[in-house]
Amino acid sequence: AAGVIQSPRHLIKEKRETATLKCYPIPRHDTVYWYQQGPGQDPQFLISFYEKMQSDKGSIPDRFSAQQFSDYHSELNMSSLELGDSALYFCASSLGGIPEQYFGPGTRLTVT
Amino acid sequence: GIQVEQSPPDLILQEGANSTLRCNFSDSVNNLQWFHQNPWGQLINLFYIPSGTKQNGRLSATTVATERYSLLYISSSQTTDSGVYFCAVLAGGFKTIFGAGTRLFVKA
């Protein structure tokens, strides 16, 4: 069965650079979620989209933005990167009516 | 906001032992999931269980929504069960709150 796809899997950036993470949800899933997980921490909810509209916002820094496109894939844009942004970034998807989330493999971002 | 607490925080088991992990939440929820994060970082969906009981092989889960808790049972544990077990709930809309997790290590 198709799963959630995230790219890239690993990304190394320098401070003050920008990064774009991509997420391709399971086919027919209409809801996308983004999470940030620091070392030894639980995943922190950043933002979600339902039917291409932002639905809920969590602890997402103002330096980050995201959107969901017409084909339902989503991108998380991160600017002015800081050392503290180094983390594992997960995308998850679900079918809106039954919010059972399926997670992608994550993108490991390292900011040097 | 909704608080999610998991216990115990850490658990060491001998292979073959059984265990129960608990997830308490501070307010009514209509969505709860259990995940296993393996040592490679993958988050694997174990159960979507807003209420009732479900079983999948050696794992089972029970959620009593009216009493605001959920339990995950692991029977005949194996070394591959090692990792972190998270419960997560929807805190209104699609905003999702994770517990801090239970770190499980199963010894051979």
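Summary of computed values
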read-out	value
Qualifying residues in the range A:72-92 (those that are over 12 Å from A:Ala19 (Cβ atoms) and away from chain B (no Cβ under 11 Å)) - the one least open to solvent (accessible area, probe 1.4 Å)	A:Ser74
Qualifying residue in the range B:41-58 (condition: closer than 21 Å to A:Tyr33 by Cα, open to solvent by 50 Å² or more (accessible area, probe 1.4 Å), of a type outside the set (S, T, N, Q) and within 14 Å of another protein chain (Cβ to nearest Cβ))	yes
Candidate set: the range B:26-35, residues that are open to solvent by 10 Å² or more (accessible area, probe 1.4 Å) and in contact with a strand residue (DSSP E or B) (Cβ under 8 Å, 6 or more places away or on another chain); chosen: the one modelled with the lowest pLDDT	B:Asn30
Qualifying position, being more than 14 Å from chain A (Cβ to nearest Cβ) and touching a Gly at 6+ places or on another chain (Cβ under 8 Å), among B:Ser77, B:Ser28, B:Ser70	B:Ser77
Search result, residues across the range A:103-112 that are within 11 Å of chain B (Cβ to nearest Cβ) and surrounded by fewer than 21 Cβ atoms within 10 Å (Cβ to Cβ)	A:Pro105, A:Arg108
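Condition check ((1) of a type in the set (A, V, I, L, M); (2) more than 19 Å from B:Ser82 (Cβ to Cβ)) across all residues:
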site: B:Gln3; (1), (2): no, yes
site: B:Asp10; (1), (2): no, no
site: B:Gly16; (1), (2): no, no
site: B:Thr20; (1), (2): no, no
site: B:Phe25; (1), (2): no, yes
site: B:Trp34; (1), (2): no, no
site: B:Ile44; (1), (2): yes, no
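The values are calculated or read from the model by the stated rules, or taken from the named source; none is laboratory data. Only a predicted model underlies this, so the values are computations on that prediction, with no experimental measurement involved. Because the Cβ atoms are built from the backbone with ideal geometry, glycine has one as well, and the counts that use them run over all protein chains shown. To get the accessible areas, we keep the full protein, side chains included, count just its heavy atoms, and leave off ligands, DNA and RNA. Shrake-Rupley method; radii C 1.70, N 1.55, O 1.52, S 1.80 Å.
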